[in-house]
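Reading through the structure tokens given below for one structure.
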Amino acid sequence: MQSLYLIGVLITVLSVAWLALCVGMWRLHRSRTQPKLVANTKTLIVYASQTGNAQSIAQYFADALSVLEKVSAIPLNALTFEHLLPLEKVLFVISTYGDGEAPDNGSLFTKLLTTISTSTSDRNADINQLNHLAYSVVALGDSTYPEFCAFGYQVDQAMKDAGAKQLSKVITVDNYDELITNLADITPDWLEVSQQSLIQQPSLIKTTGTQVVKSKQYWQLIQRELLNPDCNDEPLLQITFKSIGPSPTWQAGDLIEIQPKQPSEVVDKWLAENNINGDIWLTHQGHQQSLKAWLLERELPETHKHSANELLQALPYLHKRSYSIASIPEDGQLQLIVRLFEKHNGDVQRQAEKQEFGLASGFLSHYCQVGDVIDGHIKSVNSHHNIDHSKPIILIGAGSGLAGLKAQISARFYLANQQDKSIGQSWLIFGERNNKAELPINKQLAEFEKEPVKVNKLSCAFSQDSQYPKYVQNVLFNEQDKLHQWIDDGAYIYVCGSLVGMGEGVQDALVTILGQEKIEELQQQQRYIRDVY
Ligand SMILES: Cc1cc2nc3c(=O)[nH]c(=O)nc-3n(C[C@H](O)[C@H](O)[C@H](O)COP(=O)(O)O)c2cc1C
């Protein structure tokens, strides 16, 4: 009888201990996934950012404000109704992604709105739920998209609808450029930050005499390799650079923003047609070079009425383009994988002569020569850094998306082999068009499987395979059980490549296989990361 009693006590003690352990684990997990706000803060900065622009602006604002009051900057998906209750002011820095949609780290916003509107059963009281709060929205976008800054406007409207007071009209930022956009111009008046604190973006600043110039990073092209020769496909190129000057550092998941240049003949022709001497030397932003050299980076309108000296003020820079970096600094080089965009399929030489390539991909893949130096600025994408490499990872991508996946593979390989860290399993699911084993792209994939182990499981999908044509989505459907098992084991999902087709197809497949709720949970835990463009 006594022993039965003792067993009962033991079971109770073990159950309580187990419960305490679970609560502890849950708290630990929550504290890892829920950002901590600075205590007693009355202001909060919230960002939604896919490629890091809105996040870095939010961080600059938070740092600049912190001189007066400690302020946190958190992703929109981490924002809860409880965060908003003790606050007085919120600044939203919100970019728009996809087709007028939310960036991934803001995609749960509608869920938050539902929480706000259902947090009380009294519908009239909800309207006032946020009436203690005042806010502004700084919206990033690109006016070449039909839905310019749409998600920023959506956040603004939702806050208004929830009773919060709009402190300023939506401040739109078209085609943000860290090196050009003046943060003081996009700061809401109520944000009490000094102009000085905003221009002190340490990594970018260089002083020449009395002039403050944001410093550029230069890279020399050292190798270019065609990864899919003789395939009748758009060329896929691996392009390798070495840094000129002090080597900037970066992490797997980061991007490089390239300033493309016009082909030299295009500028010559434009100068001749406009009767302008391109050989005159001009000093601009602390650098001196010929007018022609300056104009290589500028849009060249058909008509203009400017003198040679006014041109640099008048003509906008060509749109910069971001590329996923395929290497890590420990590789000793910066590598990109670029698909050459051809306006008309066919003869590459003919298209080169007629400038029928995409501007940036044509510049990188064709007009820029080995030995040339280009201007490229590393963009740190913090949301791509939050990977616990001791956990498994499922890397999914196609075509030029191999870049982002290769960088993650290199990062894990480096941690395991140079730093003796224990690394989780990796599963690479990769799609290309042609399955010929002798293609350099397919040789690279085969290398990933060899010793020392770089990936543990490789699944290829070749869309033009005559026997088994398939896409990466098909692999996911075919291997549903494995996918569930890896996710249950704590795997991250990292997707890289084009949004239309691959990115959307993978998203739909994952939602079908894992369920919408699981996807949202993975997004909340920052375990579903997308570098799609
Ligand atoms: C795939 C993709 C889709 C985009 N869609 C839109 C859009 O629909 N509307 C818009 O105004 N800007 C759009 N943009 C532009 C971004 O909002 C802009 O580049 C912004 O600076 C990105 O900020 P982030 O780095 O914080 O995400 C898009 C950019 C990309 C790469």
For region 334-342, indicate whether the set of residues that are open to solvent by 40 Å² or more (accessible area, probe 1.4 Å) and touching a Leu at 6+ places or on another chain (Cβ under 7 Å) is non-empty. yes
Considering residues of region 159-184 that are among the charged types (D, E, K, R), at pLDDT 90 or above and within 29 Å of Ser322 (Cβ to Cβ) only, the residue farthest from the ligand (Cβ to nearest atom): Lys169
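Listed here are the residues, each with its yes/no results for (1) modelled with pLDDT of 90 or more; (2) assigned to a loop (DSSP other than H, G, I, E, B); (3) assigned by TED's automatic domain parsing to the domain that holds Gln220.
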position: Asn345; (1), (2), (3): no, yes, yes
position: Gln349; (1), (2), (3): no, no, yes
position: Ala360; (1), (2), (3): yes, no, yes
position: Phe363; (1), (2), (3): yes, no, yes
position: Ile374; (1), (2), (3): yes, no, yes
position: Ile378; (1), (2), (3): yes, no, yes
Scan region 80-98 for residues that are over 16 Å from the mean Cα position of the chain (by Cα) and within 16 Å of the ligand (Cβ to nearest atom) and jot them down. Leu91, Phe92
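For every residue, the table says whether it meets (1) closer than 10 Å to Ile45 by Cα; (2) surrounded by fewer than 22 Cβ atoms within 10 Å (Cβ to Cβ); (3) touching a residue at least 24 places away in the same chain (Cβ under 8 Å).
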| position | (1), (2), (3) |
| --- | --- |
| Gln59 | yes, yes, no |
| Ala62 | yes, no, no |
| Ser66 | no, yes, no |
| Glu69 | no, yes, yes |
| Ala78 | no, yes, yes |
| Phe81 | no, yes, yes |
| Leu84 | no, yes, yes |
| Tyr97 | no, no, yes |
Suppose we filter Leu510, Leu483 for residues that are in a helix (DSSP H, G or I), free of Cβ contacts under 8 Å to residues at least 40 places away in the same chain and either more than 17 Å from the chain's Cα centre (by Cα) or under 23 Å from His384 (Cβ atoms) (or both); which single one remains? Leu510
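Consider region 381-411. How many of its residues are free of Cβ contacts under 8 Å to residues at least 60 places away in the same chain and open to solvent by less than 10 Å² (accessible area, probe 1.4 Å)? Let's see the steps before the verdict.
We begin by selecting, within region 381-411, every residue free of Cβ contacts under 8 Å to residues at least 60 places away in the same chain; these are 389-390, 409.
Still in the running and open to solvent by less than 10 Å² (accessible area, probe 1.4 Å): 409.
Total meeting the criteria: 1.
Taking the residues in region 117-158 that are modelled with pLDDT under 85 and in a loop (DSSP other than H, G, I, E, B) as candidates, determine which candidate is most open to solvent (accessible area, probe 1.4 Å).
The extreme case among them is Ser121.
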Just need a number here: residues in region 318-335 that are under 18 Å from the mean Cα position of the chain (by Cα) and within 16 Å of the ligand (Cβ to nearest atom). 7
Taking region 226-247 and keeping only residues that are under 16 Å from Asp375 (Cβ atoms), of a type outside the set (Val, Ile, Thr) and open to solvent by 20 Å² or more (accessible area, probe 1.4 Å), one is left with Lys242, Ser243, Gly245, Pro246, Ser247
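Would you mind finding the one in Val495, Val453 that is over 25 Å from the mean Cα position of the chain (by Cα), outside any helix (DSSP H, G or I) and in the same structural domain as Pro392 (by TED's automatic domain parsing)? Show your work before the answer.
On the way: Val495 fails: over 25 Å from the mean Cα position of the chain (by Cα).
Among Val495, Val453, only Val453 is over 25 Å from the mean Cα position of the chain (by Cα), outside any helix (DSSP H, G or I) and in the same structural domain as Pro392 (by TED's automatic domain parsing).
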Lys36 being among the basic types (Lys, Arg) and modelled with pLDDT of 60 or more: no
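The values are calculated or read from the model by the stated rules, or taken from the named source; none is laboratory data. The model shown is predicted, which means the values in this text are computed figures rather than measured ones. Heads up, the Cβs are rebuilt from the backbone with ideal geometry, glycines too, and the neighbour counts pull from every protein chain shown. Accessible surface areas use protein heavy atoms only, side chains included; no ligands, DNA or RNA. Shrake-Rupley method; radii C 1.70, N 1.55, O 1.52, S 1.80 Å.
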